[in-house]
Amino acid sequence: MPEPCSAEEERLLRIAVEVSRRDQGMEAVRAPECPVFTPTVEEFRDPMAYMRKIAPVGWKHGIVKIVPPVGWRPACGVTKRMASRPLATRKQLVHELQEGREFDDGKDYTLPEYKAMADRFAATRFPELSATTASAPAKPEPAYWARPHATRDLGPPSSCMQLAPRVEDAYWRIVEARELEVVVEYGNDQDVRVNGSGFSFPDPGDACAGDPDRVPVDFRDPQFYKRSGWNLNVMPFAKGSLLAYMKEKVAGINVPWLYVGMLFASFAWHTEDNYLYSVNYMHYGTAKTWYGIPASGASAFDATVREHLFEQFKQEPDHIHKLTTVFSPAKVQAAGIPVVHTVQEPGEFVITFPRSYHSGFSHGFNIAEACNFALADWVPMGRLAIRHYETVARDNCFSQEEILLRAAAAPDKLDAQACSLLAADLRIIAEQARIDLESFLALPGVSKAQVVLLSEDHQRYNCAVSRRLCHVSAVVCESEACRLEAEKARIEARRVFAKERAALIAVGVDPTGIVESDPQHQVVLPRFADELCDCKLSNLRMVVWFTEEMILGLCAKLEARRDELLRDVARVKTEPVGASQGPCASSAAVGVRRSPLLAAVPGPSVPSSSSSSACVQAELRHSARDRSSAAMVSAARSASTSPMGGDAVQERGAKHDATRGAATARFSTPPRGNTMSASDSPMTAVSSAPAAADCDALGDAA
């Protein structure tokens, strides 16, 4: 439990809070509110379709909030497992968050113990802000809080939201002015397989889960909550999410993480792994403040953080990925970077978009859950993430190549947009496969006999140099010395796996499906073959899982499927007025209109047809090891000029950064308190990316 402060410290804080309300500088830099969407019941039926609808607005702002329709009442709540399992925490020194230091371990609590500690901390140390926990009972809650007949009241009353600006001001005065030493504990990154989920788990093998065509919306039916794509145990695999093609379960990606917070518990500025989409749902408790920076400001934000934390980045090039960097929205705006905020209440979703930086803090005790998902417009951003991770030797949590290759094997399940975007990226992969083979065979003394084709289900490894997953091909050494090293590594891996498996069984988790690593060899991508080891080159072997021809064959199938769908669209458009509209009907046909709120947003809502290739080309100017830049730009251009659904061709674009001033000049947001339904948003068959002008300075910023 955080240590209590003295009476003098409490007096100083009370004075600071009152002063902060009159602090003109603080009021002047409060970030504008992000868009808030209120879907209809029909729109709520298909989560991925709804995400595609709101994407044009989401890409522009970085984060959005979704308030479910009236009647949404998940029945699970806090389970017995969540209440009884030990909850590990991280200790956060709020007054030192700007220094970017890693967090130490905090104490372990049961959930009722943590709640009692958090409520006591808020009420005793910060009585001025304690109205945020005014509804907390005097006695600890029962061991679990089930909600079989819950209403939307999942926490303290909404009236306490009036205190949100005061909580925000107090937080930043502690962080920036260090007027008090404040220590809190945050129960972040709790694996739902161990600690339980706030949602129901779908039944194993349930083919209906995540399929909106087979799961009718019925807020009174418990089966709806178990199968709906809005259930975060289902969303990564829901129809329309590319993460459905991931083989393995990865905690924090397609297996949700649980977050248990208290007053001022913070999550630092970060992007999602591989620049994925993310969704966060608050189950219970007090509010949480979020800040978001759109992808158009990501490179400028990177540069700003590096400038402020120069020494840390000098020692750790991937310091931004340590999730310890906290900067106020005032500093972000002062750098000319667009930033928005929102206050999330229980029962609400916050969506973050690819390469959107986001951060925030809790107003009191709360329980939230989060996972990732991927729409087709994420693909070019995922490619940029891979290249960035190579420059800082950061591990990849999963293989983008695996997802794309598996999705391409079943093109009938994809729409025209997905087919085109996947085909474009697969052509990049095919070109790299050709370059890798040629570069390996160009090594002195290497012959074609050293190239081996393996089955697709053979285990993959991380490249020892770049930390990237080798999914298409890899180079290994088969010398006796390297074999002995591999055997030692295999024995150690088995020992660690057995220990982890026993730990899971001890807490009641079924370890079935958790794959044992088998590090038979140290491997590298073919482009790093000369850095693998000091053995003779004749000992090297290039193992290939997918050849260039195999990948191009999948591209052809995707493009054939895309062309078929586009012909269907053209045929529908030529039908007489009143004729039946197909699933690929234009945006006008489905009644999508532009919101008056969006009319205030400067700049074109439809990006130019060259923005995708311009953005990708700008990023790749700084990828020294990328020998297939031209192929990537060409493939992206090919995808961006394909008319895929909707009345107007809308360019997807790899969303990137503008010059700081230009980005700020174009930035706007709906006024506070306003909400939108998806029908207020311009529907795009492809995603809405920043215009090409937004990407002009990307190379310089990166």
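All of the numbers you see were taken from the coordinates with simple rules; none came from a lab. Only a predicted model underlies this, so the values are computations on that prediction, with no experimental measurement involved. Backbone-built Cβ (ideal geometry, glycine too); neighbour counts: all protein chains shown.
Tabulated values for the structure
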{"read-out": "Label-point separation in nm, Asp412 to Leu453, each point 7 Å along Cα→Cβ", "value": "2.6"}
{"read-out": "Amide hydrogen neighbours beyond the local backbone of Ala268, cut-off 5 Å, H modeled", "value": "none"}
{"read-out": "Fewest-first ranking of Asp568, Asp457, using other Cβ atoms within 10 Å as the exposure measure", "value": "Asp457, Asp568"}
{"read-out": "Mean-position separation - Cα centroids, segment 369-397 and segment 234-276, in angstrom", "value": "12"}
{"read-out": "Burial ordering of Asp563, Asp119, fewest other beta-carbon atoms within 10 Å first", "value": "Asp563, Asp119"}
{"read-out": "Karplus-derived 3J(HN,Hα), 6.51/-1.76/1.60, for each residue of segment 543-553, Hz, glycine and proline x", "value": "9, 10, 9, 9, 8, 4, 5, 4, 5, 5, x"}
{"read-out": "Amide proton proximity set for Leu276, modelled H, under 5 Å, gap of 5+", "value": "Arg355"}
{"read-out": "Exposure proxy order (Cβ contacts within 10 Å, fewest to most) of Lys60, Lys65", "value": "Lys65, Lys60"}
{"read-out": "Karplus 3J(HN,Hα) series, Hz, for segment 378-389 with 6.51 cos²θ - 1.76 cosθ + 1.60 (x for Gly, Pro)", "value": "6, 3, x, 5, x, 5, 5, 4, 4, 5, 5, 4"}
